[in-house]
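Working notes, structure below.
The values are calculated or read from the model by the stated rules, or taken from the named source; none is laboratory data. Treat the numbers as computed from the prediction; the structure is a model and nothing was measured. Positions of Cβ are backbone-derived with ideal geometry, glycine not excepted, and every protein chain shown enters the neighbour counts.
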Amino acid sequence: MAEPVPRFLADVYEAASRCNKCSLCQAVCPTYLTNPVEWETARGRVALVRDAIEGRLELRDIADGPLSTCLTCNNCIAACAPRVPTGDIVSRARQELHAQEGHPPVQTLVFRSVLPHPGMLATAHRLSRAVQATGLHWLARRSGMTRWMGAAGAFMEHVGPLPARTAHQRARGLPAVEGAVRGRVAVFVCCYQNLCAPEASEAVMRVLLANGFEVDVPRLGCGGLPAKSLGDRDAMRDMARRTVEALEPLEVDAVVGDTASCTAHLRRCGEILEDEPLLAAPADRVAARTWRAAEFLDREGLSAPLGPLRWTVAYDQPCSLPLDGDARRVPQRLLAAIPELELRPLTEAEMCCGGAGDYFRREPERSAAILARKLEHVAAAGVEILVTDNVSCLTQLREGARHHLPSLRVMHLFEVLLASIESARRRGAGPRG
Ligand code: SF4
Ligand code: SF4
């Protein structure tokens, strides 16, 4: 019989064909664990995408369900001997579906006219703050009106009132670098964290300064990860281009990202722009010098003294981290360096919390079920603080704690490191070096 010829998605067809149907991915897939049916696991999703590629069904037939409920977390790869990248295959299938059908108009507007432009993001922040000042934001949340306000209402509910100052604004009031200057870095601020959790980005900047690194904080738009996740390939490439053009000329030793997922995406910008004659090489250079903040600090070594914190903490791993290598152990190593801090193990720490970008909005019931499972493990660990280093995880876990574990505090890894540095300062220790 003749080999099937892929109708589309030729670039992931070979990877999808590697699935040997062993079913080992079931045990590590958050969506399957909360809804154990075949199409909720990597095996089922990959088989359906392959059926679509070979013409036995259309992508539209699997859009609602197999494609929409996947978190694209790629946790299934951990159990998969042939390393089938199901999250990437699902992302590409969503892109192909949207190429066939077009994009939702509001999403198109946001991806082209808001997210790529730092000025528009600042305007959105000012508008949101103005609405908060009138009390309408509070009223909308209290009255349940947010349920009828689409995506804007879902975000209002999820992240709560926005802090008064963005991370970009906070960057203007930073202290001088401490001790001998060890280098200069550009901080790649995630646009979502810039608005919703700027204290985490500020902590990254302050910890870098305390450790002898000058920081440059370029005002950037989105790096393109949301567009990738929601299947808008053109918007993803446009945002990658803008980011590379802004970062490549900077005279810095490294680009340091404040969130795990956007940094991982930026590290793939060479791949995303590989067919662009003028940008492929600059994109490769940006990718090569981009580091997640935790990995950068671990590689360079802490120079700022750490003071004691009598906290019990657990670390929840962002699912965007690579499964191989050391990336997932780095935060524990940094936390273990803090005197008197008790770091407890967390069951299924590597499994997605159901945040995954705007998954909480698109799949609210599934997201809540996945979050509930995560919070059960956190409660069993008996910690007072849950630590992570990704903004989607921060907002999702904070929302979960607000409703179900009110005594739990959720912090970015660098907020904890900054608290430890401040503890050392209170005890009168000066900077090293
Ligand atoms: S990417 Fe995540 S949600 Fe999707 S099949 Fe794999 S483990 Fe499940
Ligand atoms: S673990 Fe990998 S090879 Fe096995 S069924 Fe799942 S996707 Fe297929």
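Checked against the criterion of being touching a helix residue (DSSP H, G or I) at 6+ places or on another chain (Cβ under 9 Å) and free of Cβ contacts under 8 Å to residues at least 60 places away in the same chain, segment 203-211 has at least one qualifying residue. Among residues of segment 304-345 being touching a residue at least 40 places away in the same chain (Cβ under 8 Å) and under 15 Å from Val28 (Cβ atoms), the one that is nearest to ligand 1 (Cβ to nearest atom) is Cys319.
Residues of segment 5-20 that are within 12 Å of ligand 2 (Cβ to nearest atom) and either in a helix (DSSP H, G or I) or out of contact with any helix residue (DSSP H, G or I) (no Cβ under 6 Å at 6 or more places or on another chain) (or both): Ala15, Ala16, Ser17, Arg18, Asn20. Among the residues of segment 67-92, those identified as in a helix (DSSP H, G or I), within 13 Å of ligand 2 (Cβ to nearest atom) and not small (Gly, Ala, Ser) are Asn75, Cys76, Ile77, Thr86, Asp88, Ile89, Val90.
All conditions in (1) within 18 Å of Ser229 (Cα to Cα); (2) within 13 Å of ligand 1 (Cβ to nearest atom); (3) in a helix (DSSP H, G or I) hold for His98, with the sole exception of (2). Selection of helices (runs of 4 or more DSSP H) fully inside segment 305-402 by the criterion of at least 2 residues being modelled with pLDDT of 95 or more returns 330-336, 364-381.
Residue check: Thr108 meets all listed conditions (1) within 16 Å of ligand 2 (Cβ to nearest atom); (2) of a type in the set (Ser, Thr, Tyr); (3) over 20 Å from the mean Cα position of the chain (by Cα) but one, namely (1). Applying the selection to segment 32-57, what residues are within 19 Å of Ala78 (Cβ to Cβ) and either in contact with a Gly (Cβ under 7 Å, 6 or more places away or on another chain) or away from ligand 2 (no atom under 13 Å from the Cβ) (or both)? Scanning segment 32-57 gives Leu33, Thr34, Pro36.
Matching residues to (1) touching a strand residue (DSSP E or B) at 6+ places or on another chain (Cβ under 9 Å); (2) outside any loop (DSSP other than H, G, I, E, B); (3) modelled with pLDDT of 95 or more:
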| residue | (1), (2), (3) |
| --- | --- |
| Tyr192 | no, yes, no |
| Leu195 | no, yes, no |
| Ala200 | yes, yes, yes |
| Val204 | yes, yes, yes |
| Leu209 | yes, yes, yes |
| Glu214 | yes, yes, yes |
| Arg219 | no, no, no |
| Cys222 | no, no, no |
| Ala227 | no, yes, no |
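The residues of segment 288-313 that are of a type in the set (Val, Ile, Thr) and buried (at least 18 other Cβ atoms within 10 Å of the Cβ), listed by number, are Thr290, Val313.
Note on segment 89-116: residues that are surrounded by 17 or more Cβ atoms within 10 Å (Cβ to Cβ) and touching a residue at least 60 places away in the same chain (Cβ under 8 Å) total 15.
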